[in-house]
Every structure is written in structure tokens, then in C-alpha cells.
Ligand code: ATP
């Protein structure tokens, strides 16, 4: 069975801890993206799975077998790197066939496998060309073709699309996802591009400072971030995170002082555990309705900067306490600079984080 599992995996470089107690299990047919800012330990985690880096402690288990001591070539993994490392003197077809050389296949079997993979990756037309005679997108597909031709235990991708331009990246995301879904293998993809993770992953593991902060489906990490970091990292424009004093809780509503005013906001009953204390209230820019009049559950703010974003408009608004609130409205909603806004947050999309930065939910 194609599975990848890491258990309490830690990597020290001298006294520096690059990855700390990472736990992750990837099932057959699943694509898990490791996502996080530069230097958070994504590549180091991937390299430990591949055997290119040795874990300081913890276990790396592939297809149910502990692999800690095995070199990369004995792990039966196919990797696709950011730099595809194609053989320039071999044709596209010969490049695809390279990984099969150690398998002892007959020429006919090898050719059949190459043709099958070339078809999946839409490369049949360019099989006889040299790598310098194909496009960037075709090179990318060739790198994937070479990885899937051998039927390995699992796949590891390190920033596979980072060299492609925006348009090509967009179409390749879909194509690679489709191919991977059809292969029933465990796959781990490293990326720092959240759009790539949100569109390609079955689940996303979000890392910060060597620690996996949350693992969940794209919907889960967006709709139910477990802490302030994940909340701020996922979603564009970024979630508003407003400091607040939680004063009381009753009738399903939290009484808070935030953005320079007193508000009563519907909240999860678990929020009552936090009171009274400082909390952070998280509201996504698309989770507001702008209403005509001030009310007990509306945040008053003044539009300061208006940024058209195509079908939508991003408004930067200033609250009474001087804080900035980002609000996204449909393009046809006309807002002028200086206009007074009354913003009603959707209670189902309002997140409360305690002083430790963790989300509070039942
Ligand atoms: P990026 O997105 O920039 O590639 P990353 O999340 O993949 O970043 P890693 O490459 O895993 O991050 O690095 C994690 C941390 O470990 C970084 O601070 C990096 O400087 C450090 N690091 C990586 N390799 C080594 C090494 N061989 N020796 C010492 N420190 C290292």
C-alpha cells in the first residue's frame, strides 16, 4: 500500500532545530501539500522522507516500512524537483525511459510504458525532440512523466511549478492534480504558494518555525484555522485580526471592546471560557456586510483607500482606535474615500483566539 508517514520527526542542524516533532500520515491517493513561509522546514521534511537528509529523531515510514536507515534509492520514491535535471543529449522519449533502465524490462515493455505515460502527460507529439526543443510547460510535464513511469511507492514534489509563468502554472496545477488523483499513490508536495496548495492538495500541512501548525483539507484550514498564524497565513486578502477585550458572554453573544467601540457579537459558546481577557477577533475581508446604520453588532470605520480588484473592490478602512480593517465588496458596491462605513461581521465567519493564539471552538 502506498503510504507515507512521519512520526515525531525532528531535524537538528547543530543547535538549530529545523523540524520539530513532525507527525503526518499521507494515505494512498492523497496529495498533501507542505505549506509555509520561507525557512519553516518544508524542504527539510521532504528531504527526510526521501532519505536525502537523516532525521535526528523520530520515524519515517513508507508503505508501512521504517525507512530511517535506508538510502534514497532503496526507498522506491519518485521525486520531482524545482530544477528538472533533464538529460540534454537524450530525446524526450529517452528521458522518460531513463528510470526504467534499472528495472530489466524488455524493449517492448519499456516502450509501452513510455507511450502510456507520454499519453497521460500529453507528450506523444514531442517524444523525438530534444529537451532544448520543447517549451517550459512540456519540460515540466516531462519531469512528471519521468517520475510516474516507474510505478514507485510514492511521489515527492519540491516546488514543482515555481519556474513556470503564472498562466502555465494555473493550467499545470489542474493537470498534475488530475494525473496524481488517477494514480492512487501517496504524494507530498512542498510549496510556499497557497493557491497551489489550495487547488492541488487533498490536505494541507501548514508549517511555521519547524512545527506543523495544522493539517486539514483546504476548506478546513481556511474555515477553521486552529491558531492566529494559520488564520493569517491562509486566505487573500489576509484575515483581519483585531485585538479586543472580552468582557462578558451571554445569550450566545460576546460583549467586546474592539476597534475603539463596544460591540455585541454572536459567538461560539466556548468563547465564554475566555472571559474576561484579551482576545483576538478574526474576520475575513469577505465576511462583512456593509449596512446603512450603526448597530450593536457593527464596526464603525472610515474608508481610506479603495483598491479595484476586477470583480471585487478592496477597501482599507480606519477604525476609531486607528486600526486598519480590510473589507472586500462586489465591484458594483460604490464606496468613496472618506465615507463612513458600518460593517457587520458574519458571526459564522468570526473567529475568537485566546491569549495563547489558539482558536476557541466547542
Ligand atoms: P524555502 O521555502 O525557503 O525553501 P523551507 O521551508 O523549505 O524554505 P528548509 O529548507 O527546510 O526551509 O530550511 C529550514 C531551516 O533549516 C532554515 O532556517 C534553513 O536555513 C535551515 N537549514 C536547512 N538546511 C540546512 C543545513 N544543511 N545546515 C544548516 N541549516 C539548514
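Read-outs: derived from the displayed coordinates by stated rules, not from any lab. What you are looking at is a predicted structure, and each value in this text was computed from that prediction instead of being measured. FYI the Cβ positions are ideal-geometry reconstructions off the backbone, even for glycines, and counts take in every protein chain you see.
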Going by how many other beta carbons lie within 10 Å of each one, how would you line up 208, 333, fewest first? 333, 208
Footprinting exposure proxy for 86, 34 (fewest neighbouring C-beta atoms within 10 Å first): 86, 34
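May I ask you to sort 2, 162 by Cβ crowding, counting other Cβ atoms within 10 Å and putting the fewest first? Provide the component values of the computation, followed by the final result.
Details: 2 22, 162 14.
If I rank by nearby Cβ atoms, fewest first, I get 162, 2.
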Roughly how tilted is helix 166-183, in degrees to the nearest 10 and between 0 and 90, from the longest Cα axis of the chain? 70
Using label points projected 7 Å from each Cα along Cα→Cβ, tell me how many nm separate residue 181 and residue 275, to one decimal. 4.5
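For the ranges 198-205, 89-96, 104-111, 216-223, what's the packing order if you count other beta-carbon atoms within 10 Å of each residue, average per peptide, and put the highest first? Could the numbers behind the result be given before it?
Values: 198-205: 21.5, 89-96: 18.9, 104-111: 11.1, 216-223: 16.9.
Those peptides, ordered most packed to least, come out 198-205, 89-96, 216-223, 104-111.
Name the shape class, rounded, prolate or oblate, that the alpha-carbon gyration tensor gives for region 79-176, where a ≥ b ≥ c are the square roots of its eigenvalues, rounded holds for a/c under 1.5, and otherwise prolate holds if a/b is larger than b/c and oblate otherwise.
Details: a/c = 1.81, a/b = 1.45, b/c = 1.25.
Cα axes put region 79-176 in the prolate bin.
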Mind checking Rg over Rh on region 240-353, alpha carbons, Kirkwood formula for Rh? 0.98
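Based on alpha-carbon positions alone, could you give the equivalent ellipsoid semi-axes of the chain from the gyration tensor, as √(5λ), descending, whole Å? Present the calculation step by step, with values, prior to reporting the outcome.
Numbers: eigenvalues 442, 125, 45 Å².
Gyration-tensor ellipsoid for the chain: 47, 25, 15 Å.
So in the chain, what percent of DSSP beta bridges are antiparallel if you round to the nearest 5?
Working: 66 of 84 bridges.
Beta bridges within the chain, antiparallel portion: roughly 80 percent.
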What is the distance in Å between the Cα centroid of region 93-114 and that of region 199-272? 51
